[in-house]
Amino acid sequence: MRHFITTNDFSNSEILEIFQRAKQFLNHEEKGNELSGKTAMTLFFENSTRTKSSFEMALNRLGATTIHLDISKSSTSKGETLLDTAYNLNSIGADIFIIRHSDAGVPYKLAQNLSNRSSVINGGDGAFAHPTQAMLDLFTITQYFPNPEGKKIAIVGDIRNSRVANSNIKLLSRFGLEIILVAPPHFLPKTNLRYSYSLRDVIDEVDIVMSLRTQTERHSQATYASLKDYAKDFCITKELLGNRDIILMHPGPVHRNIDIADEVMNDPRTKILEQVKNGVAIRMAILEYISKY
Ligand code: CP
């Protein structure tokens, strides 16, 4: 069985093939039925609006049966291990698991142990990876920059704690985008990438700005007296954007007026809801692709 745990699980040519298929799904040229007769289980140990709903929509459109395990009411609360839960769900008939967990590595461990029994797709693990988000982000970028090689993107915010940033840094680099990390020192990961403490200093160079949420749930101690203090330096405002010809992205959920100002949320350069829409088509294409194996 094929799993999707990090963006490294697909080659560049496979990713481009998946993008072509996603375009067909997006244009409603095709309504797949490739998952008819398959059953998918969604296991979200962390909250989600976009990832869970768009996976469920994608599965529905592909004809799969989808069962959501309500973690709070499951037997994991009685002490059953995650692996035993998965083995049991596999016996019930799960062909595909979509899992989100606060601990990095859980989807990988599940994939190793389920091996040839079911496909495992990572819906986000700790601060490590969110591969379907990175895929939909790159897909969105290619809608505006069909050849993204050489384009510059500023990734802004709590990069160190962001699985979205981690997956995007790996994937976008592979497709030749130049990445500038923009964050206060305590939100910067250790990388060889160029970085800046100020978006104002680099905004004239970039084609794309990707804003991130401050991941307060992953902070071991308060890093700012308040998010408003952080916003003074890193909130994307109309004044900061000016009339520059750039696109603004954010994986969601957005902290309004902390990450992005209200007035910018409705700006035509802001592509957040397009990212979400693309997420369904990309997840359909990924599900269809891995179901071939
Ligand atoms: N982008 C993202 O992962 O959003 P959710 O947490 O709502 O799934």
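Read the figures in this text as sums done on the coordinates, not as results from a lab. Note that the structure is a prediction, hence the values are computed from the model and not measured. Don't worry about glycine lacking a Cβ; one is built from the backbone with ideal geometry, like all the others, and counts go over all protein chains shown.
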Legend entry - Value in Å of the Kirkwood radius, where the chain supplies the Cα pairs that are averaged: 19.7
Legend entry - Highest to lowest packing among 100-107, 81-88, scored as the average C-beta count within 10 Å: 100-107, 81-88
Legend entry - Surface/4 of the Cα convex hull for region 131-271, nm²: 7.9
Inset, instruction - May I ask for the angle, rounded to the nearest 10°, between helix 82-92 and the longest principal axis of the chain, with both axes built from Cα atoms and the value confined to 0 to 90°? - result: 50
Legend entry - Neighbourhood charge, 13 Å Cβ-Cβ cut-off, centred on Leu188 and excluding it, Lys, Arg +1 and Asp, Glu -1: +2
Legend entry - Residue-averaged 222 nm ellipticity for the chain, from DSSP H runs of 4+ at -39500 (n - 2.57), nearest 500: -11000 deg cm²/dmol
Legend entry - Mean-position separation - Cα centroids, region 1-74 and region 253-267, in angstrom: 28
Inset, instruction - Could you size up the charge dipole of the chain around its Cα centre, putting +1 on the beta carbon of Lys and Arg and -1 on that of Asp and Glu, and report it in debye to the nearest 20? - result: 340
Legend entry - Nearest-ten-degree value, helix 272-291 long axis tilted from longest Cα axis of the chain: 30
Inset, instruction - Report, to the nearest 10°, how far helix 50-61 tilts away from the longest principal axis of the Cα atoms in the chain, using its own Cα long axis and a range of 0 to 90°. - result: 50
Legend entry - Potential extension, Ser11-Glu34 segment - 0.36 nm per residue separation minus Cα distance: 6.1 nm
Inset, instruction - Place the peptides 153-160, 286-293 in order of packing, highest mean first, counting for every residue the other Cβ atoms within 10 Å and averaging per peptide. - result: 153-160, 286-293
Legend entry - Pairs beyond 29 Å (Cα-Cα), from Lys238/Lys277; Lys78/Lys190; Lys152/Lys277; Lys190/Lys228; Lys23/Lys170: Lys78/Lys190
